[in-house]
Every structure is written in structure tokens, then in C-alpha cells.
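I'd like to ask some things about the structure below.
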Amino acid sequence: MLKPESETPLLPNGKGECTICAARERSICAIFEPAQLPELEKHLQRVAFPAGKVFIEEGSEADRFYVVTQGHVRLFNSMPDGRRQITGFATASDFIGLASCKNFAFSAEALTPLRACQFSVSEMSFLRRHFPALEKRLLEEASRELVRAQRRMLLLGRKTASERLASFLRERFLLNKAALGHLALPMTRMDIADYLGLTIETVSRTFSAFQRQGLIHIPHTRNVLIQDIEALSALADGNTTSKRRHF
């Protein structure tokens, strides 16, 4: 179970930290002007969680929101028989906690040591009232969630194993703006298999096949070098006839 709010591992709220936050420009906090950041800092709590900590439990009261500032998160749903289905991953600048009802419809677990800014419902309501641009940004966030859900339905319903893994790698590549094709994968092969609706054996075989084909190079299980993003994208879209381009 989650710790009571009074036991949440809070970090000291150092003044001016928002001005040097590397995640701010890509997060919902980007709507705040530099002069408005001191007001923003009054309405958040900085928190830290160790790897493996479940900090949102499915079915618990949706009474808080998070902006990830450092680390990676696994989002999942639990099944009655104890199994779980990974529904997504979050990283720095991502907003977590958007809910359409009073209870969370998912669980969130720190994949790596995690730092985030936590907002209570009342604090977020105050910010939305006093900074109208935040309301628009949250609506954009909800729209992106819907698009991601639709893409996931296509991924699981119509794509082959190769197309699923290619789509996953392309998405991670674009989200992380991987420098020179270097892509960190903090999740395990089992996590990827669960997310893609495949077995771990299929995921491992497909990674190996991509490497043989020159699409990727795997220096380490948690790191991938994307060698041919054009061909990988073509495969993700079900088109294997496009001209290949290597980095």
C-alpha cells in the first residue's frame, strides 16, 4: 500500500530550483513565465522515490498529480489473478495523475530512482484559476493521452511482433531525441514484452533479428544504438520497401 501523505518522502523546496529544472521547458510548467516561477514553487512539493516504489496505486483516491523531473516510471494495471499489464512508461517532463474520476485507473512504479514535483488537487486548482494557460496545457495533455491510447490499440490489435517492437523503438527515439541514435532503455525485456503484448522470447528474438539486419546495435541490454531510423520507421508502419539510410 501507499504510504500516508504525511510519510511521503519530501525533498526540501529550495527557492529558484524551478529556474534550473531541465524538465520544465517540456512539461506543463512551461506555461509559467520566469517571474511567475516563485508562485509556482509555493504550490508544489518535491518528492523522491527509490526504484521499485509504487507511488500511485490503482483504485486509490486521485488526490495528487506529479511532474517527473528525473528518472523513469512504469505505468500498469493489475488483473484479478495477480498478473499485470504495463500500459506505458513516463520520464522527465511527463505529467502523471490525470484522472477522469475520483480514483486512479492505473498504478505507477519508479523504474529507476525518481524525483518529481507533487501537486495536490487543491494546489492544482489554484494554479489553474490563476494561470489560465495551464488549463489549456492540461487539455492538450489529455488529448495526447487519448492519442497514445488509440495508437496502443492499433499496436496491439493490428501490428506484427516486428512492427510492434519497431514502433516502440521509434517512439522512444523520438521522445528522447536520442543523440546520434543512442537510446537508453531503463525497462527490462520483460517490461517491453508486457507492454507490447508479446512473450519475452519473441521480444528477444526480434531484437536479435533487428541487429542482424543492421537496424540497431545492442552494446548492452539497457542500451540500443539506432543505426537506421528510416528503415525502422518503415517497418513500424508496415512498409519495408523504403530506401534505407544509416547514421
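The values are calculated or read from the model by the stated rules, or taken from the named source; none is laboratory data. For clarity, every value in this text was computed on a predicted model and none was experimentally measured. We place every Cβ from the backbone using ideal geometry, glycine too, and count neighbours over all the protein chains shown.
Does Gly157 fit the bill of being more than 21 Å from Arg84 (Cβ to Cβ) and either modelled with pLDDT under 95 or outside any helix (DSSP H, G or I) (or both)?
no
Being over 27 Å from Ala22 (Cβ atoms) and within 17 Å of the chain's Cα centre (by Cα) is true for just one of Leu165, Leu154. Which residue is that?
Exactly one of Leu165, Leu154 is over 27 Å from Ala22 (Cβ atoms) and within 17 Å of the chain's Cα centre (by Cα), namely Leu165.
So which residues in the range 222-241 are more than 14 Å from Glu171 (Cα to Cα), β-branched (Val, Ile, Thr) and in contact with a helix residue (DSSP H, G or I) (Cβ under 7 Å, 6 or more places away or on another chain)?
Thr240
Sort out which residues of the range 188-241 are charged (D, E, K, R), under 23 Å from the mean Cα position of the chain (by Cα) and in a helix (DSSP H, G or I), and write them in order of number.
Arg189, Asp191, Asp194
Further question on the same structure: Can you find even one residue in the range 168-182 that is within 23 Å of Asn239 (Cα to Cα), surrounded by 15 or more Cβ atoms within 10 Å (Cβ to Cβ) and acidic (Asp, Glu)?
Taking every residue of the range 168-182 in turn, at least one turns out to be within 23 Å of Asn239 (Cα to Cα), surrounded by 15 or more Cβ atoms within 10 Å (Cβ to Cβ) and acidic (Asp, Glu).
Please determine whether any residue of the range 168-187 is among the acidic types (Asp, Glu) and at pLDDT 95 or above.
no
Given the conditions (1) surrounded by 15 or more Cβ atoms within 10 Å (Cβ to Cβ); (2) within 21 Å of the chain's Cα centre (by Cα), report the number of the one that Phe126 does not fulfil.
If we test Phe126 against (1) surrounded by 15 or more Cβ atoms within 10 Å (Cβ to Cβ); (2) within 21 Å of the chain's Cα centre (by Cα), just (2) comes out false.
Identify all residues within the range 130-155 that are out of contact with any strand residue (DSSP E or B) (no Cβ under 9 Å at 6 or more places or on another chain), over 17 Å from Ser167 (Cβ atoms) and among the aliphatic types (A, V, I, L, M); write none if there are none.
The answer is Ala133, Leu134, Leu139, Ala142, Leu146.
Moving on. Of the residues that sit in the range 152-167 and are surrounded by fewer than 18 Cβ atoms within 10 Å (Cβ to Cβ) and not polar (S, T, N, Q), which one is nearest to Thr112 (Cα to Cα)?
That would be Arg152.
Among Cys101, Cys117, which is without any contact (Cβ under 8 Å) to a residue 40 or more places away in the chain, of a type outside the set (D, E, K, R) and either farther than 24 Å from Phe210 by Cα or not assigned by TED's automatic domain parsing to the domain that holds Val203 (or both)?
Going through Cys101, Cys117 in turn, just one is without any contact (Cβ under 8 Å) to a residue 40 or more places away in the chain, of a type outside the set (D, E, K, R) and either farther than 24 Å from Phe210 by Cα or not assigned by TED's automatic domain parsing to the domain that holds Val203 (or both): Cys101.
Suppose we keep only residues that are out of contact with any helix residue (DSSP H, G or I) (no Cβ under 8 Å at 6 or more places or on another chain) and not in a strand (DSSP E or B) within the range 63-89. Which one would you say is surrounded by the most Cβ atoms within 10 Å (Cβ to Cβ)?
The residue in question is Gly71.
Given the criterion over 30 Å from Ser78 (Cα atoms) and in the same structural domain as Arg74 (by TED's automatic domain parsing), identify the matching residue among Glu33, Glu61.
Of the residues listed, the single one that is over 30 Å from Ser78 (Cα atoms) and in the same structural domain as Arg74 (by TED's automatic domain parsing) is Glu33.
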